[in-house]
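Heads up: the structure comes next, in structure tokens.
Every number in this text was worked out from the coordinates using simple rules, so none of it is lab data. Keep in mind that what you see is a predicted model, and the values were worked out from it rather than measured. Every residue, glycine among them, receives a Cβ derived from its backbone with ideal geometry; neighbour counts consider all protein chains shown.
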Amino acid sequence: MNPAAGSAVAIEMPRAGARLPAEAPVGFDRWSGLDRARRTTRLAGFFGLLTLKEHVAPRLHVRPLVAELFLTENCNLRCRSCGCWTTTTRGELRTDEWCNVIDQLADLGILKVNFTGGEPLVRRDAVGLVAYAANRGIRDIHLNTNAIHLDPGMLTRILAAGVRSFNISVDGPDAATHDEIRGVEGSFETTIRHLQGVIEQRDRYKLAVRMNFTVMRSNARVLPEIARLAQRLGVRLYLNLATDTTFLFRTDLVTGEAQVDRDELRSALEEVNAMARMDRRWLPAHADLRYVIDHFEDRLQATLPCAESQLKLMIHSQGQVGGCWGHDPSMSVREQSLRTIVDSTEYRDEHERFFRKECVGCGSNYSLNLRWRPASLMHNSLERLRATGGRSRQ
Ligand SMILES: C[S@@+](CC[C@H](N)C(=O)[O-])C[C@H]1O[C@@H](n2cnc3c(N)ncnc32)[C@H](O)[C@@H]1O
Ligand code: SF4
Ligand code: SF4
């Protein structure tokens with residue numbers, strides 16, 4: 001875990017204004033055809049550049065499109081797969097410092113901001129910071145949360161502020177499994193109730209909602225049940241993969257959870273794959289399901305370039321910037337501007353290595369890493385053909 005800010009010299013940053021806005025600006029949800037075209041072009045351009053980088057120009061610098069903001073590394077749950085709750089992280093960026101970071105992200109043309117943690121909703125300024133980002137012109141705003149604080153009042157406020165995409169963590173299909181892993185009795189009941197509240201608002205706000213299930217030793221056997229729960233709730237299931245290499249998760253307890261019984265995993269995933277052949281709505285793509293097995297056999301997957309490390313600009317709660325999920329950042333927004341960091345030789349060199357998988361390996365956002373690979377597209381198409389026996393779907 002990160003120690004307190006300690007010897008780091010905090011540079012005074014300009015105040016962004018004493019009060020944060022409460023709501024996204026008028027017209028926030030109105031996307032013109034041009035807005036959509038711009039967004040699609042930037043995403044297509046990003047993958048185009050990655051293809052060039054892979055095959056033609058390895059030194060090509062691909063600038064990040066998405067910022068991952070670890071608003072806090074503290075938390076209100078005690079998950080056995082995570083180290084956040086085991087210490088208290090102090091010296092985290094103040095409200096005005098986060099506003100300054102968001103200003104810089106807007107100036108850099110960052111497409112999307114993910115608010116995460118720790119548990120981002122334990123920060124009292126979380127809603128205001130979301131609204132601040134929306135008012136700075138960032139249109140894609142995402143929240144990762146355990147949903148404990150996402151009661152109807154908080155949901156109304158966070159939607160008004162501009163969050164349009166949610167990952168809500170559910171680590172078991174029932175209270176016994178989930179509460180045991182998440183370390184707090186009653187958390188399953190609260191999280192599912194609040195997840196249902198988000199699902200009810202999905203159409204009104206055109207929300208993207210995912211139920212994030214972290215596959216680990218303690219829950220691999222219940223994969224078919226979590227798939228059935230996703231189908232029952234009508235929510236997309238994402239299978240996140242437990243590792244002990246990623247920052248926040250480097251503890252002995254996690255090391256045990258990151259080692260999954262292979263036979264148990266295989267048979268559980270075969271069942272989910274069969275369910276996905278019958279009805280693939282809400283369930284992971286076939287290539288993703290196959291990757292889950294691969295990850296627990298070889299975490300590095302060296303032949304699959306890491307698009308995730310190129311897409312994301314990681315900003316930790318005490319201001320450290322750079323690195324990736326498995327590699328700690330060495331620069332800080334308290335010392336340099338984001339533009340200076342992203343264009344520095346150090347950042348460029350390390351990110352070139354990350355893309356080539358000269359790294360410790362982790363399964364973070366493997367779904368993105370697979371999405372632009374012809375082999376994954378082929379695998380998914382073949383599985384679909386198999387499911388329909390060559391008949392086209394009605
Ligand atoms: C660190 S949490 C932050 C957001 C929020 N506190 C939550 O639990 O959703 C982000 C995601 O990481 C997942 N996670 C926890 N332990 C993990 C591990 N060892 N490896 C990979 N992901 C893990 C959580 O389940 C959650 O879905
Ligand atoms: S996984 Fe999320 S909810 Fe669980 S301890 Fe870590 S930060 Fe908290
Ligand atoms: S796979 Fe490697 S490069 Fe990619 S985020 Fe994980 S540790 Fe970093």
Based only on other Cβ atoms within 10 Å, what is the fewest-to-most ordering of Y347, Y238?
Y238, Y347
Once R0 is set to 35 Å, what does the formula 1/(1 + (r/R0)^6) return for the Cβ-Cβ distance between R78 and E23, expressed as a FRET efficiency to the nearest 0.05?
0.55
Test item: Cα-centred dipole of the chain, Lys/Arg +1 and Asp/Glu -1 on Cβ, debye
1580
Summed over the other residues with a beta carbon less than 10 angstrom from that of L265, with K and R at +1 and D and E at -1, the charge totals -1
Between A175 and R353, how many nm apart are label points set 7 Å from Cα along the C-beta direction?
4.9
So if R0 is 22 Å, what FRET efficiency would L43 and S330 give, r being the distance between their Cβ atoms, rounded to the nearest 0.05?
0.15
Ordered by fewest other Cβ atoms within 10 Å, a rough proxy for footprinting exposure, E297, E73, E23 read E297, E23, E73
Inter-part distance where segment 294-330 and segment 209-226 are each reduced to a Cα centre, Å
22
What net charge do the residues around S187 carry, taking every other residue with its C-beta under 14 Å from that of S187, with Lys and Arg at +1 and Asp and Glu at -1?
-4
Please give the length that would be gained between S337 and R90 if that part of the chain were fully extended, namely 0.36 nm times their separation in residues minus their C-alpha to C-alpha distance (nm, one decimal).
86.7 nm
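As a footprinting exposure proxy, order T243, T255 by other Cβ within 10 Å, with the fewest listed first. The partial results should precede the final answer.
Values: T243 25, T255 14.
Lowest count first: T255, T243.
I'd like the FRET efficiency for T345 and W372, computed as 1/(1 + (r/R0)^6) with the beta carbon distance as r and R0 of 35 Å, rounded to 0.05. Please list the in-between numbers first.
On the way: r = 27 Å, r/R0 = 0.77.
Approximately 0.85, to the nearest 0.05.
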Could you check the spin-label model distance between V56 and S267? Points 7 Å from the Cα along Cα→Cβ, value in nm.
5.0
Treating each Cα of the chain as an identical point scatterer and ignoring solvent, apply the Debye formula and state log10 I(q)/I(0) at q = 0.09, 0.12 Å⁻¹.
-0.53, -1.00
Can you give the net charge of the other residues whose Cβ lies under 14 Å from the Cβ of F296, counting K and R as +1 and D and E as -1?
-3
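Taking the Cα centre of segment 151-282 as origin, work out the dipole magnitude from +1 charges on Lys and Arg Cβ and -1 charges on Asp and Glu Cβ, in debye rounded to 20.
Numbers: 19 positive and 19 negative charges, 180 e Å.
For this selection, approximately 860 debye.
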Give the peptides 47-56, 134-143, 366-375, 109-118 in descending order of average Cβ contacts within 10 Å, highest first.
109-118, 134-143, 366-375, 47-56
